[in-house]
Every structure is written in C-alpha cells, then in structure tokens.
Amino acid sequence: MNGAVKQHLPEYLIEAAGLGIFMLSACSFGILLEHPATTVHQVIPTPFARRILMGLAMGLTAIAIIYSPWGKQSGAHINPSVTLTFFRLGKIAPRDAAGYLGGQFIGAVTGVLIASLLFRDLLGHPAVNYVATVPGVFGSLIAFAGEVTISFLLMTVVLHVSNTMRLARYTGLFAGAMVMTWISIEAPISGMSMNPARTFGSALASGEWKYIWVYFTAPPAGMLLAAELYLRRRGARGVLCAKLHHHNDKRCIFKCNFGEGSIDSTGQIN
C-alpha cells in the first residue's frame, strides 16, 4: 500500500463508517415511519407529517456525524458529490479523493446490508423498499431538475458558511437543516438523494436501477455548478478547506489554509 494512502486510511474508513451509520439510520426510521404495521405509521397517517419527522431524524443524524470526533477528523463529506466538489476546488489530493469515494460507496452498501440483517423482511416491504430513491409522479426529468436544484443550494450554503469565519463552526447545523428541509418538501419529486453512494447502497439491495443515472449525474452537477459560481465570485483563495467542521484539534489531510488571510467586515476571507 502506498505510504500516503496508508497514512490517510483512517479518514477513508471514517467516511465509510459515517455513511454506513447514515444509511442504517435512514433504514431504521424508514421502517418506523413508513411500514404500515408500525404504531407510528398508524398514528401519523399523513405522508407530509411523516416526511417532516423523517427529515428531522436524518438532519439530526447528519449533524451528529459532522460534529462527532470522527466527522471532525475526516471532514464528514459522506457524499461523493461533496468530495468531487472539493476536489474541483483544489482542496483534496487525487489519491485522497479516490479513497473518500471508495469509502463512501463501501459504507453505503454496508449500512444497508447491516440494516437488512437486523430488520429482514421489514426493510424489503414495498412501502419501505430499502429506502430506495426513485423519481416521483412527475417523472425522471423533473426528478433530475429537483436533484440539481437541491444539491446546488446545499453546496452554495456550505461554501459560503464554511468560508465565513464567524459562521464556519456552524456549517454542520446549516447542512443538517437543509437535509431536513429537502426531505420534508422535495422528497416527493426526486426521493431526495443528493448522494450517488446513498442511492447506490439502496439500489443494490432493492434492485431499483432504472433511474440510477439521475442520482449519479444530478447531485454532482448541482454541486459543481455551485462551486464554479463561488469561484467566480470569491476566487480560489476564498475556499479555506474541505472540512465541514474545522474548529477542532483533529488532523487535517486537505490542502488547507484555514485561519490564513485577512478577514473582512463580514467575517469572510479576503
């Protein structure tokens, strides 16, 4: 194993564990809220109300991962689209980008596999279907547009907040709040993925491959577009690091200039 890859292997494994935990949480709450035999589903018959609860659960899961000791070390991307975006922004070495991508896909598959072993037929019920992401009633093209839009907005917020010194430590809260919002209001359009690995993990278990192209293309496109617009406005020096939380004592393996540069009146790096 290459020395540099071996040295950064803990971060790759953290990314796998982070997305694995996220998928296990998604499967657990998917069963709790959507399986018709559960008490929660019977007590809350309104789909919108259940989506709000699902959004709250997954938003809090994302926040917990980002602010955990592991998340503080790896940067808590847990999403290939996020990693590819920071690679485009020049913050990640190619070998680390590859390690993160591999870890994320392995983690997604493993998380769903563990959930399958724990919950068996409950997870495979048609109402849950391994929490697969599929287009809503408006079809695949509208789902594609929806995924591009929510991915673009998420990355736009992440870049602006994480590169504003007075707000940077709250990036995880902003990201978690957006996950909660999109699940609540956008899920009927695209299934709310924003994450190719997350979709792949569910597709491998459920066999839902027909629209996989939507979730492998739209989220990276949306986030990369956000990155391009950010670069035009702020420039490369306006991107400090690839971590979602940098106010900690964990090592940073990225091309990081967090804390360097002068701060303007808004708290942004000049």
Using Cβ contacts closer than 10 Å as the measure, can you line up His41, His245, His8 from fewest to most?
His41, His8, His245
For Thr39 paired with Thr149, estimate the spin-label separation in nm (one decimal), with each label point 7 Å from Cα along the Cα-to-Cβ line.
3.8
Scoring only Lys, Arg, Asp and Glu (+1, +1, -1, -1) among other residues with Cβ under 13 Å from the Cβ of Asp96 yields +4
Let me know the Rg and Dmax you get for the chain when you use only its Cα atoms, in Å.
18.2, 58
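Roughly what percent of Cα-Cα pairs across region 127-205 reach past 19 Å?
42
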Hey, fewest Cβ within 10 Å first, where do Thr83, Thr156 land in order?
Thr156, Thr83
Rounded tilt (10° steps) of 47-67 against the dominant C-alpha axis of the chain
40
Based only on other Cβ atoms within 10 Å, what is the fewest-to-most ordering of Leu159, Leu113, Leu33?
Leu113, Leu33, Leu159
Sorted on mean Cβ neighbours within 10 Å (highest first), peptides 187-199, 143-155 come out as 187-199, 143-155
Expected unfolding gain across Ile185-Asn257 under the 0.36 nm per residue rule, minus the alpha-carbon gap, is 22.3 nm
Distance between Cα centroids, region 36-90 to region 151-221: provide it in whole Å.
9
Around Cys252 (Cβ within 12 Å, Cβ-to-Cβ, excluding Cys252; K/R +1, D/E -1) the net charge comes to +3
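Bear in mind these aren't lab numbers, they're just calculated from the coordinates by the rules spelled out. None of the values given here were measured: they were computed from a predicted structure. Glycine also receives a Cβ, built like all others from the backbone with ideal geometry; neighbour counts cover every protein chain displayed.
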